[in-house]
Amino acid sequence: VNDMDVDDKETCLKNILDKWLDIIEKDGNIDNVLSKLKKKKIAIYGYGMLGRHFIAQLIQLNYDVVYVVDRRKNIESNIPLYGLDDKWPESDYIIVTAAYEYGEIYRYIKQKDDKIKIVSLEHLIMDY
């Protein structure tokens, strides 16, 4: 990873967090952003900084987070955690929180399960 990649990634994360906080300050929470996900089984791809905070928001708002997928299988999670090569349970949506690698992750998930709806956390937040 060169310095430009790190700078781009940090800028991407800062922009998402800034917009996320703007939404919370305006609406009180991110429930309006997530309205199409109500009463759906949600999986999360990525248990880094954005993933952990996003899951906390989903749980506070009573969304059904059924599992998390992450490359790192040795991390602690209160939600069932699966690796890339594991068989994943059924879900209606998988929300990719690793915004910087969305294209690569999207293609990987589509190869694994072409029926699941894939949503980018970055697009959910930034397009609101």
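The values are calculated or read from the model by the stated rules, or taken from the named source; none is laboratory data. Since this is a predicted model, take the numbers as computed values, not measurements. All Cβ positions, even for glycine, are placed from backbone atoms using ideal geometry, and neighbour counts span all protein chains on display. Side chains included, ligands, DNA and RNA excluded: accessible areas come from the protein's heavy atoms. Shrake-Rupley method; radii C 1.70, N 1.55, O 1.52, S 1.80 Å.
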How large is the helix-only mean residue ellipticity at 222 nm for the chain, computed as the sum of -39500 (n - 2.57) over DSSP H runs with n ≥ 4, divided by its residue count, in deg cm²/dmol to the nearest 500? -13500 deg cm²/dmol
Binned at 10 Å from 0, what are the whole-percent values of the Cα-Cα distance distribution for region 89-128, short to long? 31, 55, 14
How much accessible surface does residue 91 have with a 1.4 Å probe, in Å² rounded to 10? 20
Tail weight of P(r) past 24 Å, computed on alpha-carbon pairs of the chain, percent: 26
Dipole magnitude (debye, nearest 20) for the chain, charges at Cβ of Lys, Arg, Asp, Glu: 620
Suppose we take every Cα in region 29-89 and form the convex hull; what volume per residue is that in Å³? 81
Determine the distance separating the Cα centre of region 95-128 from the Cα centre of region 1-50; give it in Å without decimals. 12
